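The values are calculated or read from the model by the stated rules, or taken from the named source; none is laboratory data. The structure presented is a predicted model; accordingly, all values stated were derived computationally and were not measured. Here Cβ is always computed from backbone atoms with ideal geometry, including for glycine, and neighbour counts include all displayed protein chains. Note: areas computed on protein heavy atoms with side chains; ligands, DNA, RNA excluded. Shrake-Rupley method; radii C 1.70, N 1.55, O 1.52, S 1.80 Å.
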Amino acid sequence: MEIQHHKLKDIPFHESPNHGGTITPDTIIMHYTAGASAESSINTLTDPDNDVSAHVVISARGDITQLVPFNTKANHAGPSHHENRTGMNQYSIGIEMDNPGILKKSGEKYVSWFGRKYPEEEVIEEVHRNEDFTRFWHIYPEEQINAAFNLCKLLIKTYDIKYLLGHEEVSPDRKKDPGPAFPLDKFRNKLLSEDRSSDEPDKLPDVGEVAVPKLNFRDAPGTEGQKITQPLEKGTSLKIIRKEGDWYQVEAPVKGWVMGKYLKTDDS
Ligand SMILES: [Zn+2]
């Protein structure tokens, strides 16, 4: 992907008439469309009778359509604020992710506000960052997340982007998008933190030392695993083979599993 004259090269551009003047964006705001499809959301966001738009819509398959050049004000955030600024459309690029939004449980199915039913494997139950109870949310497919990630990376490289925010953060009283199914904090950390080390997969330490008086040594990761020897003594050095959740498979010298938090490693 490449940006030329504030447009994505070789990506469909479907111009929205719902835009303002020139801006110098320093913020990206993530949204969900709460719509039935990317196509229907593009229709809404380019309809002159609705005064709404966004710079980009990303379909569930990860296809990108641009609606407004990145240096032009789009109408995606509405009344909004961040730190000491209000009216975030003036400062931001708006990315809309095709997603039905909040789902309601009905029997074995989960239903969107527009009446479509979704199977359980496409749904997560999570607490929204602005709330204290769980709701049901539609997952974002990996292709869609990857397309958003690559686009944000390109925007950060091209513009002086300092903030990556959710609509739910700049309009917390009104908005729930992109919601807890979207990995917003991970995006921010990976894309904007000074130390980009989180771009790399977790590095496994080579060796660990038993840090508690007695450490159970099991044949499987989990407390349901059978103990295969006497507990390991404090100070025993172990070769670490792999990690599964909170558990490490180690060689002592037979292979077995121990709870990772009871090992002292170079990283801890
Ligand atoms: Zn929004």
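Determine whether GLU125 is in a helix (DSSP H, G or I) and either farther than 26 Å from ASP26 by Cα or out of contact with any strand residue (DSSP E or B) (no Cβ under 8 Å at 6 or more places or on another chain) (or both). So that I can check it myself, show each step before the final result.
Numbers: in a helix (DSSP H, G or I): no; either farther than 26 Å from ASP26 by Cα or out of contact with any strand residue (DSSP E or B) (no Cβ under 8 Å at 6 or more places or on another chain) (or both): yes.
No, not satisfied.
For region 1-17, name all the residues that are farther than 14 Å from ILE93 by Cα and in contact with a Pro (Cβ under 8 Å, 6 or more places away or on another chain).
Within region 1-17, HIS5, PRO17 qualify.
Can you list the strands (runs of 3 or more DSSP E) found entirely within region 1-93 that contain at least 1 residues being under 15 Å from SER171 (Cα atoms) and in the same structural domain as ALA148 (by TED's automatic domain parsing)?
Numbers: elements: 19-22, 27-32, 56-58, 64-66, 72-74.
Here the list reads 27-32.
Give region 83-136 a look and list any residue that's more than 16 Å from the ligand (Cβ to nearest atom) and acidic (Asp, Glu), or say none.
Passing the criteria: GLU83, GLU108, GLU120, GLU121, GLU122, GLU125, GLU126, GLU131, ASP132.
Find the residue count for region 164-181, including only residues that are open to solvent by 10 Å² or more (accessible area, probe 1.4 Å), over 12 Å from SER80 (Cβ atoms) and either among the aliphatic types (A, V, I, L, M) or more than 11 Å from the ligand (Cβ to nearest atom) (or both).
2
Working only within region 211-252, note down all residues that are in contact (Cβ under 8 Å) with a residue 12 or more places away in the chain and either among the acidic types (Asp, Glu) or in the same structural domain as LYS190 (by TED's automatic domain parsing) (or both).
ASP219, GLU233, GLU244, ASP246, GLU251
Among (1) open to solvent by less than 40 Å² (accessible area, probe 1.4 Å); (2) out of contact with any Cys (no Cβ under 7 Å at 6 or more places or on another chain), where does ILE28 come up short?
ILE28 satisfies every listed condition except (2).
Which residues, counting only those in region 94-122, are part of a loop (DSSP other than H, G, I, E, B) and surrounded by fewer than 18 Cβ atoms within 10 Å (Cβ to Cβ)? Write out each step before concluding.
Taking region 94-122 and keeping what is part of a loop (DSSP other than H, G, I, E, B), we get 98-101, 107-108, 112-116, 119.
Scanning region 94-122 gives GLY107, GLU108, TRP113, PHE114, GLY115, ARG116, PRO119.
Mind checking which residues of region 2-60 are away from the ligand (no atom under 16 Å from the Cβ) and on the phi > 0 side of the Ramachandran plot?
The answer is HIS5, HIS6, ASP10.
On the basis of being away from the ligand (no atom under 16 Å from the Cβ), modelled with pLDDT of 95 or more and either under 21 Å from GLY179 (Cα atoms) or open to solvent by less than 60 Å² (accessible area, probe 1.4 Å) (or both), does ASN71 make the cut? Full working, then the answer.
Values: away from the ligand (no atom under 16 Å from the Cβ): yes; modelled with pLDDT of 95 or more: yes; either under 21 Å from GLY179 (Cα atoms) or open to solvent by less than 60 Å² (accessible area, probe 1.4 Å) (or both): yes.
For ASN71, the condition - away from the ligand (no atom under 16 Å from the Cβ), modelled with pLDDT of 95 or more and either under 21 Å from GLY179 (Cα atoms) or open to solvent by less than 60 Å² (accessible area, probe 1.4 Å) (or both) - is met.
Can you name every residue in region 216-235 that is open to solvent by less than 60 Å² (accessible area, probe 1.4 Å) and over 14 Å from GLY260 (Cα atoms)?
First pass over region 216-235, keeping only residues open to solvent by less than 60 Å² (accessible area, probe 1.4 Å): 216-218, 220-222, 225, 231-232, 235.
Selection gives GLY225, PRO231, GLY235.
Any residue at all in region 142-159 that's open to solvent by 20 Å² or more (accessible area, probe 1.4 Å) and within 16 Å of the ligand (Cβ to nearest atom)?
no
Select from region 81-124 the residues that are without any contact (Cβ under 8 Å) to a residue 12 or more places away in the chain and charged (D, E, K, R) and list them in ascending order.
Going through region 81-124, the residues without any contact (Cβ under 8 Å) to a residue 12 or more places away in the chain turn out to be 83-87, 106-107, 109, 111, 115, 117, 119, 121.
Result: GLU83, ARG85, LYS109, LYS117, GLU121.
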